[in-house]
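Undergrad: Okay, handing you the structure first.
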Amino acid sequence: NAFLAEGHKLIVDALDNGWDVRQLIVSKNAAQETPVEKLISRCVASGIDILLVSNRILTSLTRRDNPQMVCAVVGRQFGADDDILAHSEGTWVALDRVRDPGNLGTIVRTADALGARGVIFIGDTTDPFATEAVRATMGSIFAVPLYAMSEEAFCALASRFSGKVVGTHLAGSVDFRVPAYEDGPTILLMGNEQAGLTENLVQACDHLVRIPQAGSADSLNLAIATAICLFHARAHALPAESTGEA
Ligand code: SAM
């Protein structure tokens with residue numbers, strides 16, 4: 001019921017966000033370096049176990065030839081499904097049976113950057129706490145609430161959700177820019193990399209939207225399609241950047 005977070009930044013992110021860091025594993029060669037020393041002091045002050053190991057052991061733990069100098073064992077954490085029903089605005093991303101840990105991590109990172117309220121994993125997904133997925137989140141795994149539920153539980157939640165469930169589908173009849181995302185809460189529902197959305201999930205949607213495409217590609221990569229739709233859904237809430245023009 002725990003996973004490995006690698007590197008100084010990720011471990012600081014875990015501590016800053018109040019995650020259950022259970023053990024800090026440090027290379028003996030790095031224990032005297034200032035940032036690592038500071039991290040060790042912070043962990044000791046919080047009663048966290050410290051384990052000093054050789055580089056060979058770190059290499060074997062992380063399955064990397066050039067491992068990070070520190071890693072940590074962190075307890076897994078999922079939000080309660082009912083939290084999603086408690087909000088009157090905001091955007092969640094829901095992923096139907098996502099298979100690729102790189103896609104999963106990239107989507108969690110994008111959800112963090114664009115201010116989504118959380119990421120919901122539906123059905124039999126790849127493990128969000130697998131090392132490759134955690135690496136791809138670049139620390140956002142600790143900042144974005146994660147939820148995991150069966151397809152049946154998601155459909156039940158969707159029927160009680162006060163906002164819109166916007167499903168993305170290659171056969172969607174509506175352009176993805178049409179729904180009024182700023183108007184109440186939204187769940188943006190994304191399909192599996194190979195099969196798209198199941199029929200039950202299609203039925204749970206209020207809108208089925210499509211991103212227009214040119215050229216010969218059948219579809220967009222899942223993480224890219226999520227980023228395009230989520231950016232649009234969140235645009236009203238993102239800070240406006242200056243154009244630099246006088
Ligand atoms: N063969 C799958 C199908 O027929 O649905 C393709 C799945 S696509 C690689 C993965 C997911 O990305 C889709 O289920 C959808 O959620 C999203 N997606 C990709 N391109 C899209 C587009 N042009 N419009 C809407 N959603 C898209």
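The values are calculated or read from the model by the stated rules, or taken from the named source; none is laboratory data. Predicted model, so just to flag it, every value in this text is computed and none were measured. With ideal geometry, Cβ positions are generated from the backbone for all residues, glycine too; neighbour counts draw on all protein chains shown. The accessibility values were calculated without ligands, DNA or RNA, using every heavy atom of the protein model including side chains. Shrake-Rupley method; radii C 1.70, N 1.55, O 1.52, S 1.80 Å.
Undergrad: If you average the sequence gap of Cα pairs under 8 Å that are 6 or more apart and divide by the length of the chain, what percent do you get for the contact order? Each step should come with its number before you reach the end.
TA: Values: 452 pairs, mean separation 48.8, N = 246.
Here the relative contact order equals 20 percent.
Undergrad: Now for a separate question. With a point put 7 Å past each Cα toward its Cβ, work out how far L170 is from N55 in nm, to one decimal.
TA: Between L170 and N55, the simple spin-label model gives 4.8 nm.
Undergrad: At 0.36 nm per residue, minus the direct Cα-Cα distance, what do A45 and R76 gain on full extension? Give it in nm, one decimal, please.
TA: Values: separation 31, 0.36 × 31 = 11.16 nm, distance 2.19 nm.
Additional length available on full extension: 9.0 nm.
Undergrad: Run the accessible area of the chain with a 1.4 Å probe and give the carbon-and-sulfur part as a rounded percent.
TA: Working: 5830 of 12170 Å².
That share works out to 48 percent.
Undergrad: Based on Cβ point charges of +1 for Lys and Arg and -1 for Asp and Glu, what charge dipole magnitude is obtained for the chain about its Cα centre, in debye rounded to the nearest 20?
TA: Details: 19 positive and 29 negative charges, 143 e Å.
Here the chain has a charge dipole of around 680 debye.
Undergrad: Let me ask another. Which of rounded, prolate, oblate describes region 11-124, given a ≥ b ≥ c as roots of the alpha-carbon gyration tensor eigenvalues and a/c under 1.5 marking rounded, otherwise prolate only if a/b is larger than b/c? Show your work: numbers first, answer last.
TA: On the way: a/c = 2.71, a/b = 1.83, b/c = 1.48.
Judged from the Cα gyration tensor, region 11-124 comes out prolate (a/c at least 1.5, a/b above b/c).
Undergrad: Just how far, in whole angstrom, is region 201-242 from region 22-68 if you go by their alpha carbon centroids?
TA: 40 Å
Undergrad: Pop a pseudo-label 7 angstrom from the Cα along the beta-carbon direction at both N1 and A130 and give the gap in nm to one decimal.
TA: Spacing of the two 7 Å Cα→Cβ label points: 2.3 nm.
Undergrad: Let me ask another. Among E37, E182, E132, which one moves the most in a GNM of the chain with springs linking Cα atoms closer than 10 Å?
TA: So, out of E37, E182, E132, the one fluctuating most is E37.
Undergrad: Looking at the chain, do any whole DSSP H helices span at least 15 angstrom along their long axis by alpha carbon and average 0.0 or above on Kyte-Doolittle, and which? Walk me through the numbers on the way to the answer.
TA: Working: long enough: 34-45 (16 Å, 0.50); 101-113 (18 Å, 0.06); 222-234 (18 Å, 1.59).
In the chain, the long hydrophobic H runs are 34-45, 101-113, 222-234.
Undergrad: By per-residue mean of other Cβ atoms within 10 Å, what is the highest-first order of 44-52, 157-165, 216-224, 119-127? If you can, show how the numbers build up before the last one.
TA: Numbers: 44-52: 12.1, 157-165: 17.3, 216-224: 14.1, 119-127: 20.4.
In decreasing order of mean packing, 44-52, 157-165, 216-224, 119-127 become 119-127, 157-165, 216-224, 44-52.
Undergrad: What number comes out for accessible area per residue over region 1-156 if the probe is 1.4 Å? Units Å², please. Display every interim value, and only then the final one.
TA: Details: 7180 Å² over 156 residues.
I get 46 Å² per residue for this part.
Undergrad: I want the antiparallel fraction of DSSP beta bridges within the chain, as a percent rounded to 5. Don't skip to the answer; put the middle values down first.
TA: Numbers: 11 of 39 bridges.
Roughly 30 percent of the beta bridges in the chain run antiparallel, per DSSP.
Undergrad: By DSSP, what percent of the beta bridges with both residues in region 138-246 are antiparallel, rounded to the nearest 5? Mind dumping the intermediate values first?
TA: Details: 1 of 10 bridges.
If I count the DSSP bridges inside region 138-246, around 10 percent turn out antiparallel.
Undergrad: Here's something else I'd like to know. Take N221 and N66, extend 7 Å from each Cα along the Cα→Cβ direction, and tell me the distance between the two endpoints in nm.
TA: Taking the two extended label points, one gets 2.2 nm.
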